[in-house]
1. Against the condition modelled with pLDDT of 95 or more and in contact with a helix residue (DSSP H, G or I) (Cβ under 9 Å, 6 or more places away or on another chain), how does LYS124 come out, does it pass?
2. Yes or no: the range 93-105 includes at least one residue that is among the acidic types (Asp, Glu) and in contact with a strand residue (DSSP E or B) (Cβ under 6 Å, 6 or more places away or on another chain).
3. Please work out which residue is surrounded by the most Cβ atoms within 10 Å (Cβ to Cβ), limiting yourself to the range 78-136 and to residues that are within 12 Å of SER154 (Cα to Cα) and in contact with a His (Cβ under 9 Å, 6 or more places away or on another chain).
4. Tell me which residues, restricted to the range 68-91, are closer than 18 Å to LYS144 by Cα and among the basic types (Lys, Arg).
5. Considering the range 130-160 alone, what residues qualify as being hydrophobic (A, V, I, L, M, F, W, C) and either within 16 Å of PHE96 (Cβ to Cβ) or touching a strand residue (DSSP E or B) at 6+ places or on another chain (Cβ under 6 Å) (or both)?
6. Just one of LYS124, LYS130, LYS139 is closer than 17 Å to ASP81 by Cα and either charged (D, E, K, R) or free of Cβ contacts under 8 Å to residues at least 12 places away in the same chain (or both); which is it?
7. Somewhere in the range 146-156, is a residue buried (at least 17 other Cβ atoms within 10 Å of the Cβ), within 29 Å of LEU5 (Cβ to Cβ), within 17 Å of the chain's Cα centre (by Cα) and among the charged types (D, E, K, R)?
8. Here are some residues: GLY51, GLY10, GLY3. Which one is closer than 27 Å to LYS144 by Cα and either in contact with a His (Cβ under 7 Å, 6 or more places away or on another chain) or at pLDDT below 90 (or both)?
Amino acid sequence: MLGTLLAPHGVVAIPPEIFGHLLPLFIKTAPGCIFNGVPPYSLWEHPPGIGRIPPHRTDAGCLILAECFGCKTVTLVKDVDGLYDADPKTHASAKFIPEITVSELKALNLATLPFDEVLLDVLKTSRLVKQFQVINGTKPELIKAAVNGEHVGSIIRADR
């Protein structure tokens, strides 16, 4: 959907079967790239400890790909303003967390997160990605602001 909406602005939506080959080209030539965040499991997915559902889903896939291509940050577009100490959809008194490190967030042991929990482990061991930001995609102006480097959601930083 984002690829279709941003196509008039030159943003390219890359199908999974070609992004590994053409992503570097599109990064150099297009103002932005959209791709499916599901990792290509045949290349790097670890078997889950319990069950059959892989722990690395779309959020982790985006961060892993960003690490592979040398990005410093990732923006996750969700339907909430960012990270809260409780689910804001069910707890009106939930407090917004504008910025936090991986260790601080793990210490809070929150019941819910607006992203895959395994993302914290991936960020903790990443070499190039230093942070990710969670923004509200139902507010289109925030996407542009985030792409321009503004802090418009919650930023989760690596501990280093």
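1. Working: modelled with pLDDT of 95 or more: no; in contact with a helix residue (DSSP H, G or I) (Cβ under 9 Å, 6 or more places away or on another chain): yes.
When the stated conditions are applied, LYS124 does not pass them.
2. Looking only at the range 93-105, we keep the residues that are among the acidic types (Asp, Glu), and these are 99, 104.
Next, from what is left, pick out any that are in contact with a strand residue (DSSP E or B) (Cβ under 6 Å, 6 or more places away or on another chain): 99.
Yes, the range 93-105 has at least one match.
3. It comes out as GLN133.
4. LYS72, LYS78
5. Narrowing the range 130-160 to residues hydrophobic (A, V, I, L, M, F, W, C): 132, 134-135, 142-143, 145-147, 152, 155-156, 158.
If the condition is that a residue be hydrophobic (A, V, I, L, M, F, W, C) and either within 16 Å of PHE96 (Cβ to Cβ) or touching a strand residue (DSSP E or B) at 6+ places or on another chain (Cβ under 6 Å) (or both), then PHE132, VAL134, ILE135, LEU142, ALA146, VAL152, ILE155, ILE156 are the ones that fit.
6. On the way: LYS124 fails: closer than 17 Å to ASP81 by Cα; LYS130 fails: closer than 17 Å to ASP81 by Cα.
Every option except LYS139 fails the conditions.
7. Step one: of the range 146-156, the residues buried (at least 17 other Cβ atoms within 10 Å of the Cβ) are 146, 152-156.
Keeping just the survivors that are within 29 Å of LEU5 (Cβ to Cβ) gives 146, 152-156.
From what is left, the residues that are within 17 Å of the chain's Cα centre (by Cα) are 146, 152-156.
From what's left, among the charged types (D, E, K, R): none.
No; the residues of the range 146-156 include none that is buried (at least 17 other Cβ atoms within 10 Å of the Cβ), within 29 Å of LEU5 (Cβ to Cβ), within 17 Å of the chain's Cα centre (by Cα) and among the charged types (D, E, K, R).
8. Details: GLY51 fails: closer than 27 Å to LYS144 by Cα; GLY10 fails: either in contact with a His (Cβ under 7 Å, 6 or more places away or on another chain) or at pLDDT below 90 (or both).
After ruling out the rest, the residue left standing is GLY3.
The values are calculated or read from the model by the stated rules, or taken from the named source; none is laboratory data. Treat the numbers as computed from the prediction; the structure is a model and nothing was measured. Here the Cβ is made from the backbone with ideal geometry for all residues, glycine too, and neighbour counts use every protein chain on show.
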